[in-house]
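Notes follow once the structure below has been shown.
The values are calculated or read from the model by the stated rules, or taken from the named source; none is laboratory data. Keep in mind the model is a prediction, meaning the values are calculated, not measured. Methodologically, a virtual Cβ is constructed for each residue, glycine included, from the backbone with ideal geometry; neighbour enumeration extends over all protein chains shown.
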Amino acid sequence: MSLLKKLFSKEKQLMIEFCEKNLDRFYSENDFSEFGPFLNSKGVQYKQYECQSKCKDCKKAPYALVNGEFIQADSPAELLEKVKEIK
């Protein structure tokens with residue numbers, strides 16, 4: 001029954017992909033603590049990659065791939081707000 005609920009759920013599922021190098025470059029411990037509750041919420045999956053081959057963008061600002069869409073922001077907090085708007 002839970003498989004059917006997942007397949008036909010009206011709740012939007014988010015898959016968020018992060019670059020490890022981008023995280024190391026722009027995020028502080030405080031940023032990670034702000035992301036934690038959201039990343040562990042229902043309907044959110046995330047994965048961290050060593051590199052996503054987006055080096056030019058990676059050096060400029062925090063970013064994530066959300067359901068395959070490139071999302072970039074001026075700060076980790078702003079990125080989190082943009083991702084929350086998608087959900």
Item to check | Enumeration of residues in the range 41-60 that are under 20 Å from residue 14 (Cβ atoms) and among the small types (Gly, Ala, Ser) | outcome: 41, 43
Item to check | Check on residue 43, within 11 Å of the chain's Cα centre (by Cα) and modelled with pLDDT under 95 | outcome: no
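Pick from 49, 63: which is surrounded by 11 or more Cβ atoms within 10 Å (Cβ to Cβ), of a type in the set (Phe, Trp, Tyr) and without any contact (Cβ under 8 Å) to a residue 40 or more places away in the chain?
It is 49.
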Checklist entry - Out of all the residues in the range 2-13, is one or more in a loop (DSSP other than H, G, I, E, B) and either modelled with pLDDT of 90 or more or buried (at least 17 other Cβ atoms within 10 Å of the Cβ) (or both)? => result no
Checklist entry - Out of all the residues in the range 29-46, which are within 20 Å of residue 78 (Cβ to Cβ), without any contact (Cβ under 8 Å) to a residue 40 or more places away in the chain and of a type outside the set (A, V, I, L, M, F, W, C)? => result 29, 30, 33, 36, 37, 41, 46
Checklist entry - Taking into account only those residues within the range 66-76 that are within 12 Å of the chain's Cα centre (by Cα) and not small (Gly, Ala, Ser), which is surrounded by the fewest Cβ atoms within 10 Å (Cβ to Cβ)? => result 69
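With respect to residue 56, determine if the residue is at pLDDT below 95 and of a type outside the set (Gly, Ala, Ser). Show your work before the answer.
Numbers: at pLDDT below 95: no; of a type outside the set (Gly, Ala, Ser): yes.
The answer is no for residue 56.
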Next on the checklist: Could you list, ordered by first residue, the pairs with Cβ atoms under 6 Å in which the first is in the range 69-87 and in contact (Cβ under 8 Å) with a residue 12 or more places away in the chain and the second is surrounded by 13 or more Cβ atoms within 10 Å (Cβ to Cβ) and of a type in the set (Lys, Arg), at least 6 apart or interchain?
Outcome noted: 71/82; 73/82
